[in-house]
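What follows is a short report on a single structure.
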Amino acid sequence: MKAKSPTRDFRKILERISHRHDTQSVFGAFTRFAACALSAQTREAEYLEEAKRWEKQELELFAEAFAVLVLEMESKPFEDVIGGYYMEFALSSKGQKWNGEFHTPKPICDLMARITIGNAESFPTEGPITVCEPACGAAAMILSLAEVCPPEVRRRLRVTAIDINRTACDMAFINTTLWGIPTRVIHGNALSMECWAAWSNIHYIMPWLPLTLRIHTPEAMEQGEPPKPAEVERIKVALGQQELAFGF
């Protein structure tokens, strides 16, 4: 992504839809549509199901807002633009207290990423580098971690991002996909390891294959299904060993 100056504000576009619907519902639909749009046609059924709930004019505004969001993100590399908006406008202060949702500022994320990574040159020169983020939110921590890594290391990351909030999962999918971070997002409870759904972004799905082949792999065809027991067990081990796990 190359830096550009945004000319419009995606927030204002979403507010036009919020005149008829509550803000949280609008934002949830927006992140769902955006995540599906970035999935290289592996989440089409999910997109169509959500689209049934909105009128044509509203769908056009969602698409316009997404295009404007991408432009803003290009001007703010590895910054969690949508997570900040979610906390400030889409989620009430009461909701923050009830759900325990708090947005970690980018300077704090950057500091924690540098502490966690240390010297990136100490990483193995080959093979995947696994990361587990058990309370990913919108993936602000993951963005900072990826920013600290050299590009050749970033491409070898294999991130597992877990959150109990479905909207957070969609935000994490958007952020990691647009910034090229191989990530598998799991909608689940990292404490009980009860998992309800999982999605792999296109950078995570067999990246050695051409895109036209990736979207037809078994992993791509299973988008939105719960992770299999063997995967859940691997995550439990990773969390127990604290390989590279950090959270809010």
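Data for the structure
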| quantity | calculated |
| --- | --- |
| Scope the range 177-194; condition surrounded by fewer than 20 Cβ atoms within 10 Å (Cβ to Cβ) and in a strand (DSSP E or B); matching residues | Asn189, Glu194 |
| Some residue of the range 43-52 being out of contact with any strand residue (DSSP E or B) (no Cβ under 6 Å at 6 or more places or on another chain), in the same structural domain as Phe89 (by TED's automatic domain parsing), surrounded by fewer than 18 Cβ atoms within 10 Å (Cβ to Cβ) and not in a helix (DSSP H, G or I) | yes |
| Residues satisfying the stated conditions in the range 118-148, i.e. more than 16 Å from the chain's Cα centre (by Cα) and under 17 Å from Asp80 (Cα atoms) | Val148 |
| Selection status of Gly188, in contact (Cβ under 8 Å) with a residue 60 or more places away in the chain and either under 26 Å from Phe27 (Cβ atoms) or touching a strand residue (DSSP E or B) at 6+ places or on another chain (Cβ under 8 Å) (or both) | no |
| In the range 17-40, the residues that are polar (S, T, N, Q), over 18 Å from Ala198 (Cβ atoms) and either part of a loop (DSSP other than H, G, I, E, B) or free of Cβ contacts under 8 Å to residues at least 40 places away in the same chain (or both) | Ser18, Ser25 |
| Criterion violated by Ser93 - all others in (1) more than 30 Å from Thr212 (Cβ to Cβ); (2) surrounded by fewer than 17 Cβ atoms within 10 Å (Cβ to Cβ); (3) modelled with pLDDT of 95 or more satisfied | (3) |
| Matching residues, the range 211-232, being assigned to a helix (DSSP H, G or I), under 16 Å from Met193 (Cβ atoms) and under 20 Å from the mean Cα position of the chain (by Cα) | Glu231, Val232 |
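The values are calculated or read from the model by the stated rules, or taken from the named source; none is laboratory data. The structure presented is a predicted model; accordingly, all values stated were derived computationally and were not measured. Neighbour counts run over all protein chains shown; Cβ positions are idealised from the backbone, glycine included.
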